[in-house]
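First up is the structure itself, then whatever we jot down about it.
Just so it is clear, none of the values below were taken in a lab; they were calculated from the coordinates. Note that this is a predicted model, so its numbers are computed, not measured. Virtual Cβ from ideal backbone geometry, glycine too; neighbours counted across all protein chains shown.
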Amino acid sequence: MTSTWFFVLLEISVIACGLVSGVFLTFSDFVMRSLDGAKTSAGVEVMQVINREVFRTVFMVLLLSMSALSPFLMGYAYFRIAGPTSALIMIGGALYFAGVFGVSLIFNVPMNNHLDTKGHSSPEAATYWTTIYFPQWTFWNYVRALASAGSAICFLIAGVWLAQGG
């Protein structure tokens with residue numbers, strides 16, 4: 001029998017992962033395209049502002065909380081839950097940790113930092129935006145959206161199975 005606190009934590013994780021996925025999808029689906037459709041200097045400048053402001057948002061709390069919580073959920077599932085429910089929780093945690101946190105640290109954040117070093121109206125910024133930042137950042141952001149959605153689905157199914165006694 002799984003502890004009630006773990007079940008509640010797992011269900012909160014479903015919501016957090018879903019919200020994080022929604023923000024990533026929103027960005028890749030139309031925010032980035034809108035920024036790219038504006039004058040390049042405007043797109044660069046707005047993205048630089050967004051990248052500075054994101055640190056003071058609920059989104060960042062959710063993103064970082066789930067990055068810390070995912071390994072805990074995986075460990076608890078490994079040691080305290082058996083069968084396919086355990087596997088789903090571990091897959092969900094790994095998807096989030098690698099596909100959201102890992103991808104953020106390896107790809108998106110370094111690109112954000114590099115973009116921030118450019119003057120928004122400089123030729124270097126325009127070249128970086130069009131050849132590297134926009135296409136690669138958007139691709140890796142879609143990866144993050146899919147990974148966090150996959151985590152939410154895994155956690156949701158595992159929660160249903162736990163509620164059914166599995």
E53, E45 arranged by Cβ crowding within 10 Å, fewest neighbours leading: E53, E45
Ranked list, fewest to most other Cβ atoms within 10 Å of each Cβ, for K118, K39: K39, K118
Computed lengthening from V49 to I106, 0.36 nm per intervening residue step minus Cα-Cα distance: 18.4 nm
Relative exposure of W140, W5, judged by other C-beta atoms within 10 Å (fewest first): W5, W140
Given charges at Cβ of Lys, Arg, Asp, Glu: the range 4-163 dipole, positive-most of S13, V46, I106: S13
Mean residue ellipticity (222 nm) of the chain, computed from DSSP H runs ≥ 4 via -39,500 (n - 2.57), nearest 500: -23500 deg cm²/dmol
Length-normalised contact order of the range 4-163 in % [C-alpha pairs under 8 Å, at least 6 apart]: 42 percent
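When the dipole is taken about the Cα centre of the range 4-163, and only Lys, Arg (+1) and Asp, Glu (-1) are charged at their Cβ, what size is it in debye, to the nearest 20?
About 140 debye.
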Highest-fluctuation residue, T138, T85, T127 considered, GNM on the chain with Cα pairs under 10 Å: T127
Alpha-carbon gyration tensor eigenvalues x 5, square-rooted, for the chain, Å: 37, 12, 12
